[in-house]
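Working notes for the structure below.
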Amino acid sequence: MKTLLVCAGGFSTTMMMESMKKVVKESKNLDEKDYPMEAIGVDKLERYIDDYDVILVGPQLSHKYDFIKGEAEKADKPTVLLTSDIYGSMDGATVMKQALVAYRKNQAIKNQ
């Protein structure tokens with residue numbers, strides 16, 4: 001599952017990405033090579049969206065979420081708008097779970 005994290009400039013999502021990578025690395029059930037991630041600024045979304053399986057959106061972009069979700073739906077990619085609480089605490093484990101749930105739900109719909 002390739003995960004794209006999107007925020008205003010890509011800086012805070014880079015910190016979240018590192019937290020998520022740590023969760024994957026420390027997990028006995030997840031293999032790092034199966035979970036590549038990248039953090040970008042929203043201005044690069046259209047260039048990157050097709051290369052990823054799930055799109056995570058930082059809470060500072062909540063005002064642009066409808067646009068981002070629309071772009072993701074065109075590309076048949078699930079999105080998750082991260083909450084300020086989870087994002088602010090850099091809770092990589094919870095965000096990883098949210099990404100997995102969104103991805104699996106999208107896969108189930110595709111396979112119906």
Exercise. Over the heavy atoms of M15, what accessible area does a 1.4 Å probe trace out, to the nearest 10 Å²?
Worked result: 120
For this session: Please list the non-local residues whose amide H lies under 5 Å from the amide H of M37, H modeled 1.01 Å from N, same-chain partners needing a gap of 5 or more.
Result: T3
Exercise. Computed from the mean reciprocal separation of all distinct C-alpha pairs, what Kirkwood hydrodynamic radius does the range 1-45 have, in Å?
Worked result: 10.8
Exercise. Taking the mean number of other Cβ atoms within 10 Å as a proxy for protection, how do you rank 60-66, 98-104, 3-9 from highest to lowest?
Worked result: 3-9, 98-104, 60-66
Exercise. Normalised by the number of residues in the chain, what is the relative contact order in percent for Cα pairs under 8 Å and 6+ residues apart?
Worked result: 33
For this session: Keeping the other protein chains in place, figure out the carbon and sulfur percent of the accessible area of the chain, with a 1.4 Å probe.
Result: 48
For this session: For the range 8-66, calculate the relative contact order in percent as a whole number, restricting contacts to Cα pairs under 8 Å that are 6 or more residues apart.
Result: 43
Exercise. Share of Cα-Cα pairs in the chain beyond 21 Å, in percent?
Worked result: 29
For this session: Would you mind getting the accessible area per residue of the range 3-111, heavy atoms of the protein chains only, 1.4 Å probe, in Å²?
Result: 56
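The values are calculated or read from the model by the stated rules, or taken from the named source; none is laboratory data. None of these values were measured; they are calculated from a predicted model. All Cβ positions, even for glycine, are placed from backbone atoms using ideal geometry, and neighbour counts span all protein chains on display. Ligands, DNA and RNA are stripped out before the accessible areas are found, and what is left, the full protein with its side chains, is counted by its heavy atoms. Shrake-Rupley method; radii C 1.70, N 1.55, O 1.52, S 1.80 Å.
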